[in-house]
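To start, the structure under review is shown below, and the notes come after it.
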Amino acid sequence: MYFIKNHLPRIAVTILFFFFGGGFASWASRIPTIKSKLQVSDSDWGLVLLYLSIGTLITLPFAGNLIYKLGSKKSTLIFIILYLLFLIGIGFWDTLWQLKLNLIAFGAMGNLTNIAINTQAVNVSRAYKGQITGSFHGFWSIGGFIASWLGAFMISNSTPPLPHFIIYSSIGIIISLALFKFLVPIDYYPEKNEEKTKNEFQFPDKTLIVLGILALFAMISEGSMTDWSSEYMKSIVKPQKEYIGYGLTAYMSTMSVGRFISDLTVRRFGPNKTLKISGVLIFLGLSITVFYPNFIMTIISFMIVGLGISAIVPLVYTLAGKSKTIATGKALTIVTSIGFIGFFLGPPCIGFIAEKFTLRIAYAIISIFGIGIVFLSSFISKD
């Protein structure tokens, strides 16, 4: 009881990360169903996915200030509930234009939730020694893993997306409301810059820009895997129907494990080497599935990619949250906003490339971002 009582904020934020990750994976797992239902081509589906990016871009100018004014505690609750409600909407609509409008809102709430909940994570981590943010993102991935497995189960049983999303979102909303009182009520601001943070625009320093680009490269890879892995299995690997969803499940499984391992890796090797290893794994994993697109090799390659991507985002967010010039929420807004552009622009670009060439070519191009991560990691402190 003593452990639970004194660690309730960490437990609460961990559970919210779980449902946040599961919300996106729920949508991603049903993409083939929704795409087929609306009879959309690969290139047109790339445009559909672009509407998620539009939602994110709409929130960029005001996300940091909005979360600052509301506080990350209240923001986390409001935005995660709206996020889950718009997930239900995705399964509700029958026409493409309605889906596009819903995806704009879903993307907007996803970005706002991401910034708010990561501000909470940084606030909680200040009470602990060493790196712990990887564990939060690990539970985001566990949520994604379980939700992707649930999606695969729903597909194999021909369950429509709407009842699937209603069940998941209802549970998530009820638990989010119950956990609200345990969130950290006060956000951190650098004392020497507190007045400037409140009242003036601050141009990000070079470190934040590099961290943002690292997040961009990682999230291009992550978004491409999340949104296109099921389609890659269906159109390139071509296993039996009941195995299509297990490519995403394999990827999410090592994302989960890798994020827990990443805390230990950063403590042992430092952020610089951790980022280099991650970039190599992304390049290696995507290359394997491009050259050997059979079921077994693709499952293995997706697991390697998941392991490579797993450490980057929590590490980048942790480094951004330690900024001594900009308040935590605003520093995270800069980095996450740049990163989420990649998360949402990557999948539409994959669609265009797949239509013009093949998904194999598209995945080959994405693998190059792993090399970019290795290069950029040289600009990060080795300590």
Of the numbered conditions (1) open to solvent by less than 10 Å² (accessible area, probe 1.4 Å); (2) at pLDDT 80 or above, T336 fails exactly one; give the number of that condition.
-> (2)
Considering only residues that are farther than 11 Å from L77 by Cβ and buried (at least 22 other Cβ atoms within 10 Å of the Cβ), look in segment 169-184 and name the one that is modelled with the lowest pLDDT.
-> V184
Those residues that are open to solvent by 10 Å² or more (accessible area, probe 1.4 Å) and within 19 Å of M219 (Cα to Cα), I need them from segment 138-161; list them, please.
-> F139, W140, I142, F145
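For D187, state whether it is within 23 Å of T113 (Cβ to Cβ), open to solvent by 20 Å² or more (accessible area, probe 1.4 Å) and at pLDDT below 80.
Values: within 23 Å of T113 (Cβ to Cβ): yes; open to solvent by 20 Å² or more (accessible area, probe 1.4 Å): yes; at pLDDT below 80: yes.
Yes, satisfied.
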Those residues of segment 54-76 which are within 23 Å of W27 (Cβ to Cβ) and surrounded by fewer than 20 Cβ atoms within 10 Å (Cβ to Cβ) amount to I54, L57, I58, L60
Of everything in segment 299-316 that's more than 16 Å from the chain's Cα centre (by Cα) and open to solvent by 10 Å² or more (accessible area, probe 1.4 Å), which residue is farthest from Y246 (Cα to Cα)?
-> I304
Would you pick out the residues in segment 100-121 that are β-branched (V, I, T) and open to solvent by less than 10 Å² (accessible area, probe 1.4 Å)?
-> T113, I115, I117, T119
Does at least one position in segment 81-99 carry a residue that is modelled with pLDDT of 85 or more, in contact with an Asp or Glu (Cβ under 7 Å, 6 or more places away or on another chain) and either part of a helix (DSSP H, G or I) or buried (at least 17 other Cβ atoms within 10 Å of the Cβ) (or both)?
-> no
For segment 233-252, how many residues meet the condition of being under 16 Å from F153 (Cα atoms), among the β-branched types (V, I, T) and open to solvent by 20 Å² or more (accessible area, probe 1.4 Å)?
-> 1
Taking the condition surrounded by fewer than 24 Cβ atoms within 10 Å (Cβ to Cβ) and either closer than 12 Å to I213 by Cα or acidic (D, E) (or both), does L319 pass?
-> no
Looking only at segment 280-298, count how many residues are of a type outside the set (S, T, N, Q) and either surrounded by fewer than 21 Cβ atoms within 10 Å (Cβ to Cβ) or within 17 Å of the chain's Cα centre (by Cα) (or both).
-> 10
Close pairs (6 angstrom Cβ cut-off, 6 or more residues apart or separate chains): among the acidic types (D, E) in segment 336-360, modelled with pLDDT under 75 and in a helix (DSSP H, G or I) anywhere | E355/D42; E355/S43
Selection over segment 231-252 where residues are modelled with pLDDT of 85 or more, hydroxyl-bearing (S, T, Y) and under 20 Å from the mean Cα position of the chain (by Cα) yields a count of 3
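The values are calculated or read from the model by the stated rules, or taken from the named source; none is laboratory data. Worth saying up front: this structure is predicted, and the values here are computed from it rather than measured. For neighbour counting, all protein chains shown are included, and Cβ atoms are generated from backbone atoms with ideal geometry for every residue, glycine included. In case anyone asks, the SASA skips ligands and DNA or RNA and just uses the protein heavy atoms, side chains included. Shrake-Rupley method; radii C 1.70, N 1.55, O 1.52, S 1.80 Å.
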